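The values are calculated or read from the model by the stated rules, or taken from the named source; none is laboratory data. All values derive from a computational prediction rather than experimental measurement. Because the Cβ atoms are built from the backbone with ideal geometry, glycine has one as well, and the counts that use them run over all protein chains shown.
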Amino acid sequence: MATSVLACALIALSPPRTQTIGVDDRVHQDDGQQPARVARERVSRDMLELAGTRAGDIVYDLGSLDSVPILAARNFGARAYGVGLEAAQAEAARRSARERGVAQQVTFIEGNLLTASYSEATVVTLDLSPGLNLILEPVLHRELRPGTRIVSRRFGIGAWRADRTVQASDGTTLYLWTVQRPPAREPDIFFVPTEQAIVEQMLELAGVKSDDVVYDLGSGDGRMVIIAAQKYGARGVGVELDPALVRTSNDVAAAAQVGDRVRFIEGDLFDVDLSDATVVTLFLSQSVNRRLEAKLKRELRTGARVVSHQFDMGDWPPERTVRAGDGTSLFLWTIRKP
């Protein structure tokens, strides 16, 4: 069934396919080094390789003591910082950096992880706990610039969808994220996924057919137009302000094998030309719907259908209202000749 294909596509993207990183013999191993340290350095190298670390990068490491910063400087030519260490740990790490000949390239910072500044980082590595990762999420989201790579050992970061997961040399999982460009402006609403059953009810209410062009305004992860393409053979266009969600939508469409029938526009729904649409779907807010009313009436052709989940359009009465599976309302309008 088409719905199960989409569900599988969404599941397949979180987490992505896991593979194993190879480890070479360039990790520092002197005769006196303990096996545990050798293993830790190999995993640290795995993390830096997954991040694509190179000369010129600025690596901030949270939680691995000295191994990641020293390897980042010694093996990759990066500038590195170890953050959040206690005084004794920091002094031991500085001593190790001097012994390895990278004291000028590595800095160890004592203190709280939450009070440090990460704005100059191009790579961030984490080996913490699920709770600490979650607490750090808003800090990283606020401070890191687009293109910064984040690698976490063992644990994800809140609801962030990893770009890639791999298996480290010790069998643990490493997660990679790349910080995306922020939306061009603050979105009018936050993304809340529409349940798949309600998506299907909305498309059924609109009477979608294979010759329709479905525009979903505020398309999120793309499920509305993807299901329209899968179930009805329609073409679809999703309009979404958040570039990360646009990327997710394209990934899901490719996994669902409908990439030739749908496309996603990274842009403002108030700026997109709707004249090609025969169906428009909305799950926005009362105020945004009211602002959209004039645009819909002006740009949509006669006979085009508009379906909104949960929110009506004020003084524009719907021609039909039905109860959705979650108890909310679905509203239908049809564009009439003026």
Review point. Which pairs do you get when a residue that is in the same structural domain as Ala55 (by TED's automatic domain parsing), found in the stretch 77-95, comes within reach of a residue that is of a type in the set (Ser, Thr, Tyr) and surrounded by 15 or more Cβ atoms within 10 Å (Cβ to Cβ), reach meaning Cβ atoms under 6 angstrom, with the pair 6+ apart or on two chains?
Key: Ala78/Thr53; Tyr81/Tyr60; Tyr81/Thr107; Val83/Tyr60
Review point. Is it true that some residue in the stretch 102-120 is hydroxyl-bearing (Ser, Thr, Tyr), under 22 Å from Arg164 (Cβ atoms) and modelled with pLDDT of 90 or more?
Key: yes
Revision key, fill the gap. Filter the stretch 282-303 for residues that are in a loop (DSSP other than H, G, I, E, B) and under 33 Å from the mean Cα position of the chain (by Cα); the one that is surrounded by the fewest Cβ atoms within 10 Å (Cβ to Cβ) is Ser285
Point to revise | Filter result for Leu136 (more than 15 Å from the chain's Cα centre (by Cα), farther than 29 Å from Ser287 by Cβ and assigned to a loop (DSSP other than H, G, I, E, B)) | key: no
Exercise for review: Can you give me the ranges of the helices (runs of 4 or more DSSP H) entirely in the stretch 33-107 with at least 2 residues that are among the polar types (S, T, N, Q)?
Suggested key: 67-76, 87-100
Review point. Applying the selection to the stretch 263-281, what residues are surrounded by fewer than 20 Cβ atoms within 10 Å (Cβ to Cβ), within 18 Å of Asp212 (Cα to Cα) and in contact (Cβ under 8 Å) with a residue 60 or more places away in the chain?
Key: Asp276
**Study point:** Positions within the stretch 301-314 being in contact with an Asp or Glu (Cβ under 8 Å, 6 or more places away or on another chain) and at negative phi, in sequence order
**Key:** Met313
Point to revise | the stretch 318-338, residues that are outside any strand (DSSP E or B), modelled with pLDDT of 95 or more and out of contact with any helix residue (DSSP H, G or I) (no Cβ under 9 Å at 6 or more places or on another chain) | key: Pro318, Glu319
Study note, to complete from the structure: By residue number, the members of the stretch 242-281 that are among the charged types (D, E, K, R) and either outside any loop (DSSP other than H, G, I, E, B) or within 24 Å of Leu205 (Cβ to Cβ) (or both) are Arg247, Asp251, Arg261, Arg263, Glu266, Asp276
Revision key, fill the gap. Among (1) crowded, with 20+ Cβ neighbours inside 10 Å; (2) assigned to a loop (DSSP other than H, G, I, E, B), Ser117 falls short only on (1)
**Study point:** Answer residue from the stretch 311-332, given it is touching a Leu at 6+ places or on another chain (Cβ under 8 Å) and surrounded by 14 or more Cβ atoms within 10 Å (Cβ to Cβ) and is nearest to Asp211 (Cα to Cα) among those
**Key:** Leu332
Revision key, fill the gap. Trp177 vs (1) out of contact with any helix residue (DSSP H, G or I) (no Cβ under 7 Å at 6 or more places or on another chain); (2) assigned to a strand (DSSP E or B); (3) modelled with pLDDT of 95 or more: all pass except (3)
